[in-house]
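Report on one structure; see the data block that follows.
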Amino acid sequence: MILHPGALALITGAVLCFSMTAYAVVLALKIIWHWDISSSSELQLALERRTYLISTVMNYVMGFEILSLFLYVYTLDSIHVLFVGAMCATGSLNANPIGWYVLYTRIAIFFLSATWIAINYLDGQAEDYPLVKLKYKFLLFIAPMIFLDGYLEIKYFAGLKPDVITSCCGSLFSDESKKVAGSLAGLPIKPMMYVFYCAAATLAALSALSMKVKASIVKYLTSFASILFFPIAIASTISFISIYYYELPTHHCPFDILQGTYNYVGYPLFVSLFGGSFFPVASGVAELFGSVPSLREPVGKAQKRWYVVSIILIAIFVGFSSWPIVFSGFTPF
């Protein structure tokens, strides 16, 4: 196993999250079965005290799960120097293919955890806690993924061997590759530019409209546009954004821009993408609870803030994506 500080931090965090989530699941089941806000029984009072505990614990767990996505990628990039043939995080992932599954589960958990935090926040804004059962049922859905992610992560780091010869990103993110990454790298640049900027402008316009219009259909449409924008942005990063930073028409790897050679620009790029894509979805989820009397006002206030944050983050992402296109002399076509 690679005894890297980042790997040890991730494994320790995974064990702690596993333990706290297991404890929260046990209490969540009891709350789901016995919760009755209209009751003043001793059991109900005990459950109300415990729900504060679970909410606090799981906020920390979900927060760590969100941050650990970026810590995981940072660790992958840091340990690539230990493997022959690796040039970036791609080589670390190829050294033990389980790492790719960890990355995919972490991306899914990022959005699920952020959604749980948003629901928990809204629930705490109402005196009658109308979302208690819902958020703990949602927790029961997320918990198996947290357990699976921890298991895969430990198995990934435990299976790494420095004497393994791995492949670099050039073999994966190339036009000749027959995998999905190769297909994305081979996407035509100009059409992808049009699709990317149109999708970003559409999402920003719908987010601005959603702040002014109360119709639920507009907010759901904005959430749908955000869900579509995320894969379009990832495909665009591989197709053309990355090559403008590298100034090499054949270098499509989305991980090299995380390195110091490129001023770590990948971190603000991806943080703004993930955040900007999430908040419109969170606003759409919140709209489902807008008809609850005690949540009508909190939902409206939260949605306005989230749409503003989303527009700012998408603007940051588009700005970082456009910087080398506008200011470098590189022309791939």
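The values are calculated or read from the model by the stated rules, or taken from the named source; none is laboratory data. The structure displayed is predicted, hence computed values, not measured ones. Note that we place each Cβ from the backbone using ideal geometry, even for glycine, and neighbour counts take in every protein chain shown.
So, in the stretch 63-92, exactly how many residues are free of Cβ contacts under 8 Å to residues at least 12 places away in the same chain and over 21 Å from Trp116 (Cα atoms)?
So the answer is 1.
Just checking, how many residues over the stretch 105-150 are more than 13 Å from the chain's Cα centre (by Cα) and of a type in the set (Gly, Ala, Ser)?
5
As an exercise: evaluate Gly150 against (1) closer than 22 Å to Ser113 by Cα; (2) surrounded by 18 or more Cβ atoms within 10 Å (Cβ to Cβ); (3) outside the structural domain of Val102 (by TED's automatic domain parsing) and give the number of the one condition it does not meet.
The number of the failed condition is (3).
Table: residues versus (1) touching a Leu at 6+ places or on another chain (Cβ under 8 Å); (2) surrounded by 14 or more Cβ atoms within 10 Å (Cβ to Cβ); (3) among the hydroxyl-bearing types (Ser, Thr, Tyr).
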residue: Leu288; (1), (2), (3): no, yes, no
residue: Val308; (1), (2), (3): no, yes, no
residue: Gly319; (1), (2), (3): no, no, no
residue: Ser328; (1), (2), (3): no, no, yes
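Is the stretch 243-253 home to any residue that is in contact with a His (Cβ under 8 Å, 6 or more places away or on another chain) and either in contact (Cβ under 8 Å) with a residue 40 or more places away in the chain or among the charged types (D, E, K, R) (or both)?
yes
Tell me which of these Ser207 doesn't satisfy, since it passes every other one: (1) outside the structural domain of Phe320 (by TED's automatic domain parsing); (2) closer than 23 Å to Phe278 by Cβ.
With respect to (1) outside the structural domain of Phe320 (by TED's automatic domain parsing); (2) closer than 23 Å to Phe278 by Cβ, Ser207 is out only on (1).
Counting residues that are under 20 Å from the mean Cα position of the chain (by Cα), which helices (runs of 4 or more DSSP H) fully inside the stretch 214-333 reach at least 3?
216-236, 266-287, 296-327
Identify, by number, the condition in (1) in contact with a Gly (Cβ under 9 Å, 6 or more places away or on another chain); (2) surrounded by fewer than 21 Cβ atoms within 10 Å (Cβ to Cβ) that Tyr246 doesn't meet.
(1)
Starting from residues that are surrounded by fewer than 17 Cβ atoms within 10 Å (Cβ to Cβ) and either of a type in the set (A, V, I, L, M) or under 15 Å from Tyr156 (Cα atoms) (or both), keep the ones in the stretch 79-95 and report whichever is farthest from the chain's Cα centre (by Cα).
Val84
Here is a list of conditions, (1) among the aromatic types (Phe, Trp, Tyr); (2) farther than 17 Å from Leu29 by Cα; (3) surrounded by 20 or more Cβ atoms within 10 Å (Cβ to Cβ), and Trp116 meets all of them except one; can you say which number that is?
(2)
Could you list all residues from the stretch 196-215 that are over 14 Å from Ser236 (Cβ atoms), loosely packed, with under 15 Cβ neighbours inside 10 Å and modelled with pLDDT of 95 or more?
Ala205
Given the structure, is Phe278 surrounded by fewer than 22 Cβ atoms within 10 Å (Cβ to Cβ), of a type in the set (Phe, Trp, Tyr) and not assigned by TED's automatic domain parsing to the domain that holds Asp123?
no
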